[in-house]
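Can you keep this structure in mind? I'll have questions shortly.
The values are calculated or read from the model by the stated rules, or taken from the named source; none is laboratory data. The model shown is predicted, which means the values in this text are computed figures rather than measured ones. All Cβ positions, even for glycine, are placed from backbone atoms using ideal geometry, and neighbour counts span all protein chains on display. With ligands, DNA and RNA removed, areas are computed over all heavy atoms of the protein, side chains included. Shrake-Rupley method; radii C 1.70, N 1.55, O 1.52, S 1.80 Å.
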Amino acid sequence: MTLTGEMLIGFSAVRGTEGSQRAFNPATDAEIPEPSFGMGGAAEVERAASLAAQAFDVFRNVSLAKRAAFLDAIADNLLGIGDELIERAHAETGLPVPRLQGERGRTVGQLRLFAKVVRDGHFLGATIDHAQPERQPLPRADLRLAKVPVGPVAVFGASNFPLAFSVAGGDTASALAAGAPVIVKAHGAHLGTSELVGRAIQKAVKEQGLPEGVFSLLFGAGRKLGEALVAHPAIKAVGFTGSRQGGLALVRIANARPEPIPVYAEMSSINPVFLFPGALASRAEAIGKAFADSLTLGAGQFCTNPGLVLAIDSPDLERFVKAAGEALASKPAQTMLTPGIFDAFRNGAQKVDAVQGVTKVAEGRSAGELPNAAQAALYVTDARRLLATPELEAEMFGPASVVIRARDFEELLSVAEHVEGQLTVTLQIDAVDYADAQRLLPVLERKAGRILANGFPTGVEVCHAMVHGGPFPSTSNSMFTSVGATAIDRFLRPVCYQDLPDALLPAAVKGANPLAVWRLVDGELSAPEQAASAAAKS
């Protein structure tokens, strides 16, 4: 597929006129010569948003089968790009080819998961409370609830996942599954990858006979285009993965609109790992080695990277630190996604280096002449220092972590109460630690969206039970997840239908249940065959 550097607005390829930008290869520290990507502005936002608004009512009312087929078609088209997609993503991000191949599989898997979610129809929340005309002192009306999409959604591609959290990533897949048109602002770190994926989605829209406004892809330098997109009245929700600064800027714009809208921003998390005494006593070295592997995975550029380790001071904790440090010493420096991300990581590490009472106990192999390459680092300090030093809680977004020594379990609890909201918290525990873990869990439930035991957080399964979200500042709305089947809930809202004739009701709550979905009927869960039987008798 030939890259053109054009935006995709509906079925049209549009050359932006608000300046131009070339893609960048962080591994060579040089621009990729061709093509030049034309940047868009307010005119392109207006055109894409207008098409999305026009498409909304048509798209949200297509059959569930057709909507699911559309998601499957996107998956098929992504696979159809072949090696060109992986090669381009590798050139633009420096990420290893096997990692990108796995990420493509995850992206396709997300699309197919949401196709299944759509076919199942459970996401519609179909609920029926039949009329009770004889009820005293007042009769009850016939009440039926079904969920509908909120409207067109703006999605911001993420830097660290050029496929799974970008143009066809989880935000886009879940919004389209909900029946919401999507306008994506491509991330400047992988413009060519974004165009390839965008064309695969555009092709699927055409193949399925859907309105052209169902999908658009925009390029924009700086903040201007993104701000215009969030401010546009046609946009009804926003999906974002990135920095706390960027996420909060979008929240402010969304809240300042005449009609405020939700921004589902995944932002900042340091993902504390608690090492319990029993676990350290039995396997400190194994935990240390596995921790080093998790910390350096993908050059530490995961939102679930374990950036903070907490434990009661002991000789067993020293065994962990020694093993983790030895493992880190053999880790090569790795190319980061962009020069900006590399500079931010380096600056963050320098701030930690400058904190009095913090000791760097280990580091990875030097980057030498390799450009934009992060050297892993492990620091150690005590709980009192952490509680008094905000710099130690800042996300470094790279392969660096701080080990916190607590004097006793009570101090460990104090630190747990102190830390901000997180995407994940990890417990390394054995059976002898369960009593203390039980005391800690209520705190952690208030602090994190996912609590895991005897593993590491760098790995987010795409499934029905996954929660990839958490209290502020890990996300701007802790009630939702950006990964997993329930991510669709961000782009739906409930509507109650009172005493509407059956012919006017949404299919999900019609008497005969034509969608054959499970429903809650008069407070009891009702299988599809039960509705069919009741309809046959009436």
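Quick one: what Rg and Dmax do you get for the chain from the alpha carbons, in Å?
For the chain, the Cα-based Rg and Dmax read 25.1, 83 Å.
Here's another thing I want to ask about it. For HIS232, HIS468, HIS418, write out the residues from largest to smallest accessible area, computed with a 1.4 angstrom probe and no ligands counted. Intermediate results must be reported in sequence, preceding the final value.
On the way: HIS232 25, HIS468 5, HIS418 70 Å².
From most exposed to least exposed: HIS418, HIS232, HIS468.
Going from most exposed to least, what order do CYS463, CYS303 have by accessible area with a 1.4 Å probe? Provide the component values of the computation, followed by the final result.
Details: CYS463 40, CYS303 15 Å².
My answer, sorted largest first, is CYS463, CYS303.
Still on this structure, I have one more. Of VAL62, PRO35, GLY10, which is farthest towards the positive pole of region 1-124's charge dipole, taken about the Cα centre with +1 and -1 on the beta-carbons of Lys, Arg and Asp, Glu respectively?
VAL62
Another question, then. Which of the three applies to region 5-84, rounded, prolate or oblate, going by the alpha-carbon gyration tensor with a ≥ b ≥ c and a/c under 1.5 meaning rounded?
oblate
Roughly what would the spin-label model give for ALA30 and ALA354, points 7 Å off Cα along C-beta, in nm?
3.5
Here is a further query. May I ask for the angle, rounded to the nearest 10°, between helix 64-81 and the longest principal axis of the chain, with both axes built from Cα atoms and the value confined to 0 to 90°?
Once rounded, one gets 40 degrees.
Turning to a different aspect of this structure: Probe radius 1.4 Å, ligands and nucleic acids ignored: give me the carbon and sulfur share of the accessible area of the chain as a rounded percent. Walk me through the intermediate numbers first.
On the way: 11630 of 21200 Å².
With neighbouring chains kept in place, the figure for the chain is 55 percent.
Positive end of the dipole of region 1-154, charges at C-beta (+1 Lys, Arg; -1 Asp, Glu), about the Cα centre: which of PRO26, LEU51, VAL150 has its Cα farthest in that direction?
Of PRO26, LEU51, VAL150, it is VAL150.
Now, a different point. Compute the long axis of helix 339-353 from its Cα atoms, compare it with the longest principal axis of the Cα atoms of the chain, and write down the angle in degrees, 0 to 90, nearest 10.
Approximately 50 degrees, to the nearest ten.
Hey, another quick one. Report the charge-dipole magnitude of the chain in Debye, nearest 20, computed about the Cα centre from +1 at each Lys and Arg Cβ and -1 at each Asp and Glu Cβ. Could you put the intermediate results ahead of the total?
Details: 49 positive and 56 negative charges, 162 e Å.
About 780 debye.
Using the Cα centre as the reference, give the magnitude of the dipole from point charges on the C-beta atoms of region 283-406 (Lys, Arg: +1; Asp, Glu: -1; all else neutral), rounded to the nearest 20 debye.
In debye, rounded to 20, region 283-406 gives about 120.
What are the residues whose amide H is under 5 Å from the amide H of VAL155, where those residues sit 5 or more places off or on another chain and H is modelled from the backbone?
Sorted by chain and number, the residues that satisfy this are ILE183, VAL184, LYS185, GLY239.
Mean residue ellipticity at 222 nm from the helices of the chain, using -39,500 (n - 2.57) per DSSP H segment of n ≥ 4 over the full residue count, to the nearest 500 deg cm²/dmol? Present the calculation step by step, with values, prior to reporting the outcome.
Numbers: 15 runs with 209 residues, N = 538.
Computed ellipticity for the chain at 222 nm equals -12500 deg cm²/dmol.
How much solvent-accessible surface does GLU393 expose, in Å² to the nearest 10, with a 1.4 Å probe and all protein chains in place?
Counting only protein heavy atoms, the figure is 30 Å².
Assigning unit charges at the beta carbon (Lys, Arg +1; Asp, Glu -1) and nothing else, what dipole magnitude in debye, to the nearest 20, does region 354-405 show about its Cα centre? The partial results should precede the final answer.
Numbers: 5 positive and 6 negative charges, 46 e Å.
Here region 354-405 has a charge dipole of around 220 debye.
Okay, next question. With a cut-off of 8 Å between alpha carbons and a minimum separation of six or more residues, what is the relative contact order of region 400-538 in percent?
RCO, region 400-538: 16 percent.
Quick one: accessible area per residue over the chain, 1.4 Å probe, rounded to a whole number of Å²? Intermediate results must be reported in sequence, preceding the final value.
Details: 21200 Å² over 538 residues.
Heavy-atom SASA per residue in the chain reads 39 Å².
Related question: What spacing in nm lies between the two simple spin-label points modelled at ALA503 and THR4, each 7 Å away from Cα in the Cβ direction?
The two pseudo-label positions are separated by 4.7 nm.
Pairs LYS224/LYS447; LYS116/LYS147; LYS116/LYS203; LYS289/LYS360; LYS185/LYS510; LYS289/LYS351: which exceed 29 Å Cα-Cα? Intermediate results must be reported in sequence, preceding the final value.
Working: LYS224/LYS447 34 Å; LYS116/LYS147 17 Å; LYS116/LYS203 21 Å; LYS289/LYS360 17 Å; LYS185/LYS510 38 Å; LYS289/LYS351 26 Å.
Those over the limit are LYS224/LYS447; LYS185/LYS510.
For GLU524 and GLN245, what does the FRET efficiency come to when R0 = 51 Å and r is the distance between their Cβ atoms, rounded to the nearest 0.05? Before the final figure, lay out the partial values.
Numbers: r = 49 Å, r/R0 = 0.96.
Result of the calculation: an efficiency of 0.55.
Where the centre of each part is set by its Cα atoms, how far does region 457-514 sit from region 144-168, in angstrom?
If you average the Cα positions of each part, the centres end up 12 Å apart.
At a probe radius of 1.4 Å, what is the per-residue accessible area of TYR497, in Å² to the nearest 10?
40
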